[in-house]
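Asks: Mind having a look at this structure? Questions to follow.
The values are calculated or read from the model by the stated rules, or taken from the named source; none is laboratory data. Since this is a predicted model, take the numbers as computed values, not measurements. As a convention, Cβ positions derive from the backbone with ideal geometry for all residues, glycine included, and neighbour counts pool all protein chains shown. Accessible surface areas use protein heavy atoms only, side chains included; no ligands, DNA or RNA. Shrake-Rupley method; radii C 1.70, N 1.55, O 1.52, S 1.80 Å.
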Amino acid sequence: MTFRWLPDPDRYAHPRLSWLAQYAFDVVLGRLFRVDHDLPQGFAPAPGSIIVSNHLRDSDAPILGTLIYRRDGVRMRGVLPFFAMREDLFQRGALANLLYACPWPFIHLLHAIPLAWLFGNVRTLPMRRLREFTWHDTLRELVVAGMGAREPAAVFNVRGLRELHESLGRLPVRVDAIDPWRMGTMRVARWGLRRLQLEALQSLAPDFRAVVAAQLRVMADRLDAGQSLYFAPEGHISMDGRFGRIRAGTWRLGRMTKVPPAFLPVTLSYDALGPGRTRAIVRMGARLDDLPFDDPPGLARQVRVALEANRVVTLSHLLAWFLCHRRTAFAASGLETWVEQVLQQAREQGLPMDPLLARRPLPTLLDERLRWLGRKHLLARRDRQWINRWPPHTPPGWLRKAGIVRYLANALEDFAPALAKVMPPCE
């Protein structure tokens, strides 16, 4: 029987499972995010093209996926591209590593739940990255490379030995006697290769490069077969809101295909300082053809410019900037005047604007946001003025509302530096 709920069921090993996973992603994301986008009706990436985007959150790729496969009731109308995803999520124990802060008995249960079968059915392909190569991964690769019988002092550098002492209490006699599950949360610490001495690192390098080359070869074969691919050129989520360095895999992949692929830049922005579901704004740029894959710096500049040019200025960006630079009390009318001046300057510079600003009156939006910031204890109301309670030394991040403020302020300064320089003073 033909499975008609997917547009290309013959390309899935388990089409019913694939449909169920895509349906679940769409329903869950619809409860978490409100998405504004400018993708044309019936949009589908051209065969053999690479979709590139900035990388702000784990939700970036699922949001793009739901826009492309376009759920219509129980049917999917669009063809889902393949997605490059961090390799560690395909490994045994990935769910336990993701939820490492859970109680220990629960971690044991999570360790038995595999994720590779799920990711394989939503067209994800593993991509090894240095950043996500953890302590756990490093120990595994040392044993595979034949260094399991060595003493830890002969393999790990000073930093690695110190962390082993802190997590285990004492050093085992052999490397293969180290149980990563006794290391607590240290086992999922990133940049595991930075804990090795140079000799050990050089011993792992050939196999590491061979794995990356094989993974890129699989992606290139998918492109040559007429499939499309989502690839985040930064290689990892931005930790501070700023656009990161374009990684080598971006241009290496273009060299491996039979025909140089076209890049389709898609930019995501988040309006996260407001009531209700977080808003995600998705904008598509002009297709990039004839990219200089033999000139990595030139390719990186073109991709970065194409992505940064489509990031929109949201009210959350402006409120975040205001909170970071205003320490004295202010009135709602003063904030409104400041926001109007900044928006006028942004329009004069030709910056893309959040469509919400054209749909609803600014005073209404600001009133809602100020009350919401008050409920989140980032502002306090005193008489007819607002007091800034945002902790000024908060690091950027998505886990705390105060961290989102710093993250979005950094993002605005990064993608709109000219605007940041001419903004009227907040004080």
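Asks: Got at least one residue in segment 319-326 being open to solvent by less than 10 Å² (accessible area, probe 1.4 Å), touching an Asp or Glu at 6+ places or on another chain (Cβ under 7 Å), touching a residue at least 24 places away in the same chain (Cβ under 8 Å) and not in a helix (DSSP H, G or I)?
Replies: no
Asks: I need the full set of residues from segment 133-166 which are open to solvent by 40 Å² or more (accessible area, probe 1.4 Å), of a type in the set (Asp, Glu) and not in a loop (DSSP other than H, G, I, E, B), in order please.
Replies: 166
Each row is one residue, and each column tells you yes or no for (1) touching a Pro at 6+ places or on another chain (Cβ under 7 Å); (2) part of a helix (DSSP H, G or I); (3) open to solvent by 30 Å² or more (accessible area, probe 1.4 Å).
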| site | (1), (2), (3) |
| --- | --- |
| 390 | no, no, no |
| 405 | no, yes, no |
| 419 | no, yes, no |
| 425 | no, no, yes |
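Asks: Can residue 264 be described as touching a residue at least 40 places away in the same chain (Cβ under 8 Å), among the aliphatic types (A, V, I, L, M), surrounded by 18 or more Cβ atoms within 10 Å (Cβ to Cβ) and more than 30 Å from residue 36 (Cα to Cα)?
Replies: Answer is no for this residue.
Asks: Report yes if residue 372 is among the aromatic types (Phe, Trp, Tyr) and within 21 Å of residue 279 (Cβ to Cβ), otherwise no.
Replies: Taking the combined requirement at face value, the residue satisfies it.
Asks: Okay, next question. If we keep just the residues of segment 162-175 that are modelled with pLDDT of 90 or more and in contact with a Gly (Cβ under 9 Å, 6 or more places away or on another chain), which is farthest from residue 139 (Cα to Cα)?
Replies: This residue is 174.
Asks: Considering only segment 70-112, state which residues are basic (Lys, Arg) and modelled with pLDDT under 75.
Replies: 92
Asks: Let me ask you something else. Are any residues in segment 32-67 of a type in the set (A, V, I, L, M), within 24 Å of residue 239 (Cβ to Cβ) and out of contact with any Ser or Thr (no Cβ under 9 Å at 6 or more places or on another chain), and if so, which ones?
Replies: Of everything in segment 32-67, just one residue is of a type in the set (A, V, I, L, M), within 24 Å of residue 239 (Cβ to Cβ) and out of contact with any Ser or Thr (no Cβ under 9 Å at 6 or more places or on another chain), namely 63.
Asks: Quick check on segment 269-284: of everything there that is modelled with pLDDT of 95 or more, out of contact with any Phe, Trp or Tyr (no Cβ under 7 Å at 6 or more places or on another chain) and of a type in the set (A, V, I, L, M, F, W, C), which residue is surrounded by the fewest Cβ atoms within 10 Å (Cβ to Cβ)?
Replies: 282
Asks: Ok, one more. Of these, 209, 217, 242, 222, which one is open to solvent by 30 Å² or more (accessible area, probe 1.4 Å) and closer than 30 Å to residue 398 by Cα?
Replies: After applying the criteria, what remains is 242.
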